Amino acid sequence: MKIVKQIVFTLFALMFLNAGLNKFFNYMPSPKLTPGQMEAFGAFMKIKWLMPLLATMETTGSILVIIPKTRALGALILFPIMTGICLHHATMDPSGLPVALVLAVILVWIITDNRRKYLPMVQ
């Protein structure tokens, strides 16, 4: 089970690593966007620091998730990003919701698996 967990968590992290690096290097083609998505993306692009911050957090969080000792911290970094992804797909792009929910379930699994590491923060 430990090997399966490591494989699933690593694949999860590689998805975010790819997304973060793509924001820096723009090596993947952009998907076709609806007018509402174009408007939202345009607003995000007006905030010059937002995409570099998001890319940095995705890249950092994913690398931390790959390393078992730092996985709990990586999951905390990726949690708000994953929340935004799920909300985006629930409201603007329902076709991506199944993949987003699978990734969200894996993230909850990571958080649950590392719950003892979070206890000092809430005690």
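A few notes on this one:
- Largest GNM mean-square fluctuation across T91, T56, T112, computed for the chain with C-alpha springs under 10 Å, falls on T91.
- C-alpha long axis of helix 71-91 to longest principal axis of the chain, angle in °: 40 degrees
- Angle between the chain longest axis and helix 2-25 axis [Cα atoms, degrees, rounded to 10]: 30 degrees
- Scanning the chain for trypsin sites (Lys or Arg not before Pro) lying in DSSP loops with no more than 14 further Cβ atoms inside 10 Å, the longest uninterrupted stretch between such sites is 49-123.
- Distance between the pseudo-spin-label points of M15 and T112 (7 Å out from Cα toward the beta carbon): 1.6 nm.
- Cα-centred dipole magnitude for the chain, charges only on beta-carbon of K, R (+1) and D, E (-1), debye, nearest 20: 440 debye
- Backbone N atoms of the stretch 94-122 closer than 19 Å to the 7 Å Cα→Cβ label point of T34 belong to residues 94-101.
- For the chain, averaging the sequence separation of C-alpha pairs within contact (under 8 Å, six or more residues apart) and dividing by the residue count gives a relative contact order of 26 percent.
- The modelled label-to-label distance for the pair F41/I7, using points 7 Å beyond Cα in the direction of Cβ, is 3.4 nm.
- A dipole drawn for the chain from +1 and -1 charges on Cβ atoms has a positive end, and of M28, T56, G74 the residue lying farthest that way is G74.
- The residues neighbouring F9, those whose beta-carbon lies less than 13 Å from its own, together hold a net charge of +3 under the Lys/Arg +1, Asp/Glu -1 convention.
- Note on Rg and Dmax of the Cα atoms in Å: of the candidates (i) 15.3, 46; (ii) 14.1, 41; (iii) 15.8, 54, the value calculated from this structure sits at (i).
Read-outs: derived from the displayed coordinates by stated rules, not from any lab. As the structure is a computational prediction, the values presented were derived from the model and not from experiment. All Cβ positions, even for glycine, are placed from backbone atoms using ideal geometry, and neighbour counts span all protein chains on display.
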